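The values are calculated or read from the model by the stated rules, or taken from the named source; none is laboratory data. This is a predicted model, so every value here is computed, not measured. As a convention, Cβ positions derive from the backbone with ideal geometry for all residues, glycine included, and neighbour counts pool all protein chains shown.
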Amino acid sequence: MKKRIPIFLFVFFLAFSIMILANRAESSGGNEANASSQNQNVSELRKKAEHGDAIAQCNLGFMYSIGRGVPQNYSEAMKWLRLAAEQGYAMAQFNLGAMYYVGRGVPQNYSEAMKWYRLAAEQGYATAQCNLGFMYGEGQGVPQNYVEAMKWCRLAAEQGDARAQHSLGIMYHRGKGVPQDYVEAMKWCRLAAEQGNEMAQCDLGFMYDEGQGVPQNYSEAMKWYRLAAEQGNEMAQCDLGDMYYQGQGVPQNYSEAMKWYRLAAEQGYAIAQCKLGFMYSIGQGVPQNYKTAYIWISLGASNSSGDLHKNAAKMRDRVAKKLSTKQLNEAQQTASQWKPRDKIKK
């Protein structure tokens, strides 16, 4: 039950900023009254937008992007966002960058995304600064540059942006753009974790688990893993399963380990699928069941690569020898039809 190794990861926030400042429909009547009120609000918003009001243009663009009060239309969304962005409105510049990044209403274009994110970032818009840092870290639209990535993530992190704080922590942890420093990594991950960022909570738990930047403390590791796991984070669910399996920070409990591995496995997390299958194969925390073991290990092998894939494939083939031809065919069919579930919160 070897622990995972943290992956260098930026958390990229693609969701549009929402700032509907025009008159909002109030739920003060039935559906007809609400629909009438909403139509009136859209009409008033459009008038303001057509007269050059940048906030109204941005909000109208947002409404077209999600189909709120108007039919969803990415081309119209682009039109209104661009008008607001060209007036220097930072939120519109950010949202226009997001449209280019994902290719909505326009062909995907990282260079254009960078351009608009930068304009918003230079005005101090934290989410744009975070995304700009992400793109430098990944080399999207620009040559990869960890120093620039650190610069922009730090600017956002110092404004309290949790995603940027977490990204900054991971860069310190991995020594990307700065010398490796677990203490600084802990500092920034903690700030993000205390805001409820699930990935930061998971990574903070890992650093307590491994004693990186702090004395090793399994109880603290459990605390942060659990907070992330209860938000549905599959990596934390698997880590929590490890703690129960190994009896670290809690009494050893195979049934609890199974519970958390299953939650992660059902979301498609390959390591958890393999661990769940292994426990079924030897009957830990659950009655031994080779057929179910085969299904989960097969899924883990299919969803993984490298050493994990090789080891899972070997384990799957060993379990296959315990099955009849009929059982094996049924297990293979079940695995082929399996679909991951949406994020599972506890």
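Below are the figures for this structure:
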| read-out | value |
| --- | --- |
| Of residues in region 124-179 being within 17 Å of Asn197 (Cα to Cα) and of a type in the set (D, E, K, R), the one nearest to the chain's Cα centre (by Cα) | Arg163 |
| Test: Asn253 is out of contact with any Ser or Thr (no Cβ under 7 Å at 6 or more places or on another chain), buried (at least 21 other Cβ atoms within 10 Å of the Cβ) and of a type in the set (S, T, N, Q) | no |
| Residue match in region 288-308 (condition: among the aromatic types (Phe, Trp, Tyr), in contact with a Ser or Thr (Cβ under 7 Å, 6 or more places away or on another chain) and over 30 Å from Leu227 (Cβ atoms)) | yes |
| Region 321-346, subset assigned to a helix (DSSP H, G or I) and touching a residue at least 40 places away in the same chain (Cβ under 8 Å), residue farthest from the chain's Cα centre (by Cα) | Ala331 |
| Boolean, Gly137 is in the same structural domain as Asn109 (by TED's automatic domain parsing) and under 24 Å from Gln212 (Cβ atoms) | yes |
| Evaluation of Gly177 against (1) more than 19 Å from Met235 (Cα to Cα); (2) at pLDDT 95 or above (one fails), failing number | (2) |
| Cross-chain or 6+ apart pairs with Cβ under 8 Å, region 70-88 first and polar (S, T, N, Q), then surrounded by fewer than 16 Cβ atoms within 10 Å (Cβ to Cβ) and part of a helix (DSSP H, G or I) | Gln72/Ile66 |
| Subset tally (residues that are without any contact (Cβ under 8 Å) to a residue 60 or more places away in the chain and either surrounded by fewer than 18 Cβ atoms within 10 Å (Cβ to Cβ) or within 17 Å of Tyr280 (Cα to Cα) (or both)) for region 240-250 | 5 |
| Output for region 267-314, where each listed residue is in contact with a Cys (Cβ under 9 Å, 6 or more places away or on another chain) and part of a helix (DSSP H, G or I) | Ile271, Ala272, Lys275, Trp296, Ile297, Leu299, Gly300, Ala301, Leu308, Asn311, Ala312 |
| Which numbered condition Gly268 misses (of (1) over 21 Å from Ala335 (Cβ atoms); (2) surrounded by fewer than 18 Cβ atoms within 10 Å (Cβ to Cβ)) | (1) |
| Sole exception among (1) at pLDDT 95 or above; (2) under 26 Å from Gly232 (Cβ atoms) for Arg341, by number | (1) |
| Residue list for region 146-177, restricted to those being farther than 26 Å from Met91 by Cβ and surrounded by fewer than 20 Cβ atoms within 10 Å (Cβ to Cβ) | Tyr146, Val147, Arg174, Gly175, Lys176 |
| Meets criteria (buried (at least 24 other Cβ atoms within 10 Å of the Cβ) and touching a residue at least 60 places away in the same chain (Cβ under 8 Å)) for Lys275 | yes |
| Boolean, Arg118 is under 22 Å from Asp203 (Cα atoms), part of a helix (DSSP H, G or I) and among the basic types (Lys, Arg) | no |
